[in-house]
Structures are given as structure tokens and as C-alpha cells.
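Below: one structure, written as C-alpha cells.
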Amino acid sequence: MKTTPKLIALAFCILLFTVAHVQTAQAGDIVETSIDGTFNGWKGETIWKMDNGDIWQQSSYDYFYSYSYHPKVLIYRDGGNWKMKVHGENREISVKKLDGGDIVETCIDGNFDGWKGETIWKMDNGDIWQQSSLGIHLHLAIHPKVLIYRTSTGWKMKVDGDDEDVAVKKLK
């Protein structure tokens, strides 16, 4: 089989284009990190804090349960959307990155024992938040970290170490 110089040059150009394209995608369109803590799947507008400090939120509706601790994740751009793939899982979910206006990171000032209907929490940063949805939930923690984040229907609070979140409204 005879290989012409033009064919070799064409193959080399294709190889260079492919390598350049992959390197460009890796630079800004791919995030490799791990979930900081427990992964329990997703159930609507689930959020995850990553080891690199980013906070990502589920942006398409789906329910999936799976448990793992501190799993590696690959977050990548798919067209105009972001997708997250958890290591060891055969599913992925659409996500969006939360930024400063969509999230409050603080701690509850004192003990946390869950919520009972209109429970009020004072935070270390001076904010005061109140439960705004019906429900009772028991979970005990001392001075826990919390993520309070904006959803399509208002604000929710997630307490570190608790799988449940609660709808809240800011009082102060």
C-alpha cells in the first residue's frame, strides 16, 4: 500500500485539530473534582458542594438514589448546558453552578434539632431564617454548617450531614 505525502499531511492536520479541540474543551468546559461529603443521588433541585469550593445544583427534574461518600465527579459542558457524571454511576444529570447571589454559606448559631412547622434559626453571619413549608423533621447537630440556596420557587436550607432540605424565608 502506497502512502502519499498529501495523505500523511491530511492525517497530521486532523490529529492536530483533534488534540487542539480536546485541550480547549478541557481548559474551560470540564471540571474534575469530588463531592465534599455524602452523595445520595438527586431529587429535584439537589445541590452539591465540591472539594474545589464550587457549588452545583441539579437543573433538570429527575429522581435517582445512590449512596457514596466523597465520589469523584466530572462536570462538563454539553452544548449550552452543564452535565454532571458521578464516578461509578451510569447516569448523568443537568446542573448549573451557583454563585454569590444564589447561595449563603454560614453556620447555625447553636444547636440544630430539625424543624417543626415555623422553626426559626439564627445564623453566625447575623441572618435569621424561618421554615416556610409544612413539615416536621428530626436531625440533631451542634453548630452545623448550612447552605441556603435559591431555587425556582424560593430559598431552601441544607444542613451539613442531613439528607433533607427545607424551604425557608429570610426574616433578617
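When region 149-162 is filtered for residues that are touching a residue at least 40 places away in the same chain (Cβ under 8 Å) and not acidic (Asp, Glu), the ones remaining, listed by number, are Tyr149, Arg150, Thr151, Ser152, Lys156, Lys158, Val159, Gly161.
Yes/no matrix, rows are residues, columns are (1) in contact with an Asp or Glu (Cβ under 9 Å, 6 or more places away or on another chain); (2) under 15 Å from Gly41 (Cβ atoms); (3) surrounded by 15 or more Cβ atoms within 10 Å (Cβ to Cβ); (4) free of Cβ contacts under 8 Å to residues at least 40 places away in the same chain:
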{"site": "Ser59", "(1), (2), (3), (4)": "yes, no, yes, yes"}
{"site": "Ser66", "(1), (2), (3), (4)": "yes, yes, no, yes"}
{"site": "Val73", "(1), (2), (3), (4)": "yes, yes, yes, no"}
{"site": "Asn81", "(1), (2), (3), (4)": "no, no, no, yes"}
{"site": "Ile120", "(1), (2), (3), (4)": "no, no, no, no"}
{"site": "His139", "(1), (2), (3), (4)": "yes, no, no, yes"}
{"site": "Leu147", "(1), (2), (3), (4)": "yes, no, yes, no"}
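Any chance region 48-56 includes a residue that's surrounded by 14 or more Cβ atoms within 10 Å (Cβ to Cβ), modelled with pLDDT of 90 or more, in the same structural domain as Val95 (by TED's automatic domain parsing) and among the polar types (S, T, N, Q)? Looking for residues that are surrounded by 14 or more Cβ atoms within 10 Å (Cβ to Cβ), modelled with pLDDT of 90 or more, in the same structural domain as Val95 (by TED's automatic domain parsing) and among the polar types (S, T, N, Q), one finds none in region 48-56, hence no. Of all the residues in region 54-68, those that are among the small types (Gly, Ala, Ser) and either within 10 Å of the chain's Cα centre (by Cα) or assigned to a strand (DSSP E or B) (or both) number 2.
The values are calculated or read from the model by the stated rules, or taken from the named source; none is laboratory data. All figures in this text were calculated on a predicted structure; none of them were measured in a lab. Reconstructed Cβ throughout: ideal geometry from the backbone, glycine too, with neighbour counts over all protein chains shown.
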